[in-house]
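Right, one structure below, let's go through it.
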Amino acid sequence: MSLASAQSIADEKDLDLVLMNGGAKPAVCKLMDYGKYKFDSIKKEKELRKNQKTIEIKEIQLSMTISDHDIAYRVTNAIKFLTDGNKVKITLRMRGRQQAYTKTCIDVVKNFIAKLSGYGSCDKEPEVNGKNIIAVVNPQNNK
């Protein structure tokens, strides 16, 4: 169909002639109410954005000389973060002479991760990054 005849049909029905695929031979056009189409597409985008879950990274800081009660408190917070679907970044900052005992510090982080084993998993071993030991625990997929 020629462009002029398609445009006349669109004018008769009080609709818009919208080019759907200009690269095809012949070009593909559609008769529609373009304002309503645009409104519906924006509404769908908003709905998709509203249903989308953003994953945040929550940080928990430990120390080499942390007490058992403090570890238990931080474990409960980490479990709450993981059940909400967020990642947990565990950071242990070594100060002064503590840097000579990195193995002990890594053990503290590993014990902390072991207490979170039912709620999340750590992809790789805790790594030493300057004065910090860092590990990231991902939430468990419950699908």
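The values are calculated or read from the model by the stated rules, or taken from the named source; none is laboratory data. Treat the numbers as computed from the prediction; the structure is a model and nothing was measured. A quick note on method: Cβ atoms are made from the backbone with ideal geometry, for glycine too, and the neighbour counts reach across all protein chains shown. To get the accessible areas, we keep the full protein, side chains included, count just its heavy atoms, and leave off ligands, DNA and RNA. Shrake-Rupley method; radii C 1.70, N 1.55, O 1.52, S 1.80 Å.
Structure above, values below:
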read-out: Considering residues of the stretch 1-18 that are surrounded by 11 or more Cβ atoms within 10 Å (Cβ to Cβ) and of a type in the set (A, V, I, L, M, F, W, C) only, the residue nearest to Lys36 (Cα to Cα); value: Leu15
read-out: Gly85 in a loop (DSSP other than H, G, I, E, B) and touching a strand residue (DSSP E or B) at 6+ places or on another chain (Cβ under 6 Å); value: yes
read-out: In the stretch 38-95, residue farthest from Val137 (Cα to Cα) [restricted to those that are of a type in the set (A, V, I, L, M) and open to solvent by 40 Å² or more (accessible area, probe 1.4 Å)]; value: Ile42
read-out: Hits in the stretch 132-143 (condition: open to solvent by 50 Å² or more (accessible area, probe 1.4 Å) and modelled with pLDDT of 90 or more); value: Val136
read-out: Pairs where the first residue, in the stretch 15-35, is farther than 18 Å from Ala4 by Cα and free of Cβ contacts under 8 Å to residues at least 40 places away in the same chain and the second is open to solvent by 60 Å² or more (accessible area, probe 1.4 Å) and among the acidic types (Asp, Glu), C-beta under 6 Å, 6+ apart; value: Tyr34/Asp16
read-out: Members of the stretch 96-131 that are within 21 Å of Asp70 (Cα to Cα) and loosely packed, with under 14 Cβ neighbours inside 10 Å; value: Tyr101, Lys103, Thr104, Asp107, Asn111, Ala114, Ser117, Gly118
read-out: Among residues of the stretch 98-134, those that are in a helix (DSSP H, G or I) and of a type in the set (A, V, I, L, M), counted; value: 6
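So that you can scan it fast, the table gives a plain yes or no per residue for (1) over 15 Å from Ile134 (Cβ atoms); (2) touching a helix residue (DSSP H, G or I) at 6+ places or on another chain (Cβ under 6 Å):
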{"residue": "Gln61", "(1), (2)": "no, no"}
{"residue": "Val75", "(1), (2)": "yes, yes"}
{"residue": "Asp84", "(1), (2)": "yes, no"}
{"residue": "Arg93", "(1), (2)": "no, no"}
{"residue": "Val109", "(1), (2)": "no, no"}
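Each row is one residue, and each column tells you yes or no for (1) over 25 Å from Lys53 (Cα atoms); (2) without any contact (Cβ under 8 Å) to a residue 40 or more places away in the chain.
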residue	(1), (2)
Thr65	yes, yes
Tyr73	yes, yes
Ile79	no, no
Thr83	no, no
Cys122	no, yes
Gly130	yes, yes
Ala135	no, no
